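Note sheet for the following structure.
The values are calculated or read from the model by the stated rules, or taken from the named source; none is laboratory data. Because the structure is predicted, anything quoted here is derived from the model rather than measured. In this analysis, Cβ positions are derived from the backbone assuming ideal geometry, glycine residues included, and neighbour counts consider all displayed protein chains. Heavy atoms of the whole protein, side chains included, go into the accessibility calculation; ligands, DNA and RNA do not. Shrake-Rupley method; radii C 1.70, N 1.55, O 1.52, S 1.80 Å.
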Amino acid sequence: MAHLSVCVSVLVALATLAAARPKAGPEQKCKSGPVDLIFIIDSSRSVRPHEFETMRKFMIDIIHTLDVGANTTRVGVVQYSSQVQSEFSLKTYSKLEDMVKGINEIIPLAQGTMTGLAIKYTMNVAFTADEGDRAKVPNVAVIVTDGRPQDRVAEVAAEAREKGIEIFAVGVARADMTSLRAMASPPFEDHVFQVESFDMIHQFGFQFQDKLCGVDLCLESDHGCEHICESSPGSFQCICLPGYTLNEDGKTCSAIDLCAEGKHDCEQICISSPGSFSCDCNAGYKLNDDKKTCMMIDYCSFGNHSCDHECVSVLSGYHCRCNEGYNLLEDGKTCQPIDLCAEGKHDCEQICISSPGSFTCDCNAGYKLNDDKKTCTMIDLCAEGKHDCEQICISSPGSFTCDCNAGYKLNDDKKTCTNLDLCNSVEHGCEHQCVSTPGSYYCICPEGQLLQENGKTCGTCKSANIDLVLIIDGSKSVRPQNFELVKQFVNQVVDSLDVSVHGTRVGLVQYSSRVRTEFPLNMYHTADEIKAAVMKVDYMEKGTMTGLALKHLVENSFSEAEGARAANRNIPRVGLVFTDGRSQDDITEFAKKAKEAGITMYAVGVGKAVEDELREIASEPVDKHFYYTTDFSAINTIAENLKLNVCAEESQGEIEVKDPCACESLVEFQQATMSTLEQLTQKLAGMTARLEDLENQLLSRK
């Protein structure tokens, strides 16, 4: 490798010798043995046309000194800028005149300086068998460049050297010495060369002249030359490297320091080299094309800043800046809108609408924005007279509802009113007492008696034993005050039952978004205990998962573990679902399973309860097993009529019956196993009949 290094160094030098010295005879070829040589030449835009011509002549002069041939020295040329281009490979030409022609036809690329890319191409492509590389023949690469590489060279050059490629780095003018040393093979004094201009590129070859071909006095004697000993037949002379002058002793040399002598025109920094100089700039500046003056580096123009909004160049690099109304995040690049609404930095009364760094105010539906653009005023249609209510207008933001005075009810048109005291205006037929309700009436019986199936007459039959589980809706739409009415409704139902260990058992389940057993069937054994426990129940709020509650009823509430009596005892099982709205889950599966399990299902709905869902929950006949009222205040009406009567002789098991009555007056309850809630349906049917009578009477009066 040492022999090859010296040989190639001499090859580089030979090109200049022909131009530097007159030739006494025919050109002497260097017989150095076979070599595969690749020139890697920089044709970036910084290499001016006349400089490229000098480099072209440099290559031609070198190959004239070589013993070119298919079996001796093979030569290839690769030029590069932002891309790499092979001009001719090691196998393209075997004759000198063809190589010269190929070099003269090279057209510069004139772009960037991707030196690392060129080395990688030379290693992976140019020095391959397909391109003419020979096995066991030394690989030599001569890189000629005038600038700093725009990519990484150290790693790829090291890889090339490990593969056996000997690299010579020739730097001209602006070439970076650190990069040259990173590319070249060691020792650097034999493989790294730097000259001040392309016009001087031939001078670095002097030191290799006599090492290539033959022995001379410079080699055989102690010549004492500080720099270069130049042989001539039978003699020698000392010469200095470019940028040095020979001292009077004819052997030593002194450097020519143009910077120290002030013989330069650099704007900022003068870098001296023997007999020449180059200009450079302070940190944050770059050298202009005149190679003398400087301007600040616009790091943003490189296009790799990744700033969201704006890139600002500074001497040390760049920083990102955001548009007005945005904040720069910790990554120093990303911009985020300043959300004054989310930060609470606004004075909107109701709605804040954010925009980057600013906001506007708005109002909820039914309100209007005041002139201050911040506060809101309710749109009161009642006060403005923009309504058509007959009696009472109740205002809500941007809307209204109508109501009636005491003793009147709101008609279906939701505007006009009708007198409510129907007990005094129709033939009600109640045996004991008529009680008016909004738009209707019902009959009640004296204490100790129960309302019969026709809804008018009274009887004394008490309820038999059943297992009753009440499922009450504790969703958010019920509201706390109405939930208290629901608990009173439950206790009214309990009052109508004969509660005891061996009689009727009662369990209570509350549901919203989840299901909670308030107490199972076997917890309490008296009506007073049950009613006290009911009043202590806490309101759950949240959603309306009626399907989940039905599932709990089927799978848990009527289990023997929770107090339900064994199925073989034929104790009727009754489930009563109380709800005020549409279920948020599917009820179909477990409404069906409840009835398939022999549970008689009753459905009681209030307000926004959905009739289709109530009917799906209720047992057959559906019309006798579901109830509905528009107002929570009227649910006591349902409770008054919800008398759960089952004849003692039709029930089995241990029964406490204090005053049994004949069963002839009662309808058979699902073949002796249906719950006493059947009679509630029949009584509601009686109320429906009375309402029809009432409507007919009112129509006849008109």
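List of remarks:
- Nitroxide proxy distance, nm - points 7 Å out along Cα→Cβ at T526 and D631: 3.7 nm
- Taking a ≥ b ≥ c as the square roots of the eigenvalues of the Cα gyration tensor, the range 40-99 is oblate, since a/c reaches 1.5 or more and a/b is not larger than b/c.
- Once the Cα-Cα distance is subtracted from the 0.36 nm per residue extended length, the E330 to N104 segment shows a gain of 75.8 nm.
- Size-normalised alpha-carbon gyration radius of the range 115-191, reference 2.2 N^0.38 Å: 1.06
- Protection proxy ranking of 381-389, 126-134, by the mean of other Cβ atoms within 10 Å over each peptide's residues and highest first, is 126-134, 381-389.
- Model label points for Q433 and T517, set 7 angstrom from Cα along the Cα-to-Cβ axis, are 3.9 nm apart.
- Within the shell defined by Cβ-Cβ distances under 13 Å, the residues around G250 carry a net charge of -3, with Lys and Arg each +1 and Asp and Glu each -1.
- Seen through its C-alpha gyration tensor, with square-root eigenvalues sorted a ≥ b ≥ c, the range 343-393 comes out prolate because a/c lies at 1.5 or above while a/b is bigger than b/c.
- Legend: residues D289, D421, sorted from most to least accessible area (1.4 Å probe; ligands, DNA and RNA excluded), read D289, D421.
- Sites Q584 and E484, calculated FRET efficiency, Cβ-Cβ separation with R0 30 Å, nearest 0.05: 0.80
- Potential lengthening between A566 and V314 on full extension [0.36 nm per residue; Cα-Cα distance subtracted]: 81.9 nm
- Chain lengthening between E159 and S197 when straightened (0.36 nm per residue, less Cα-Cα): 10.7 nm
- When the Cα gyration tensor is reduced to axis lengths a ≥ b ≥ c, the ratio a/c is 1.5 or higher for the range 443-577, and with a/b not above b/c it is classed as oblate.
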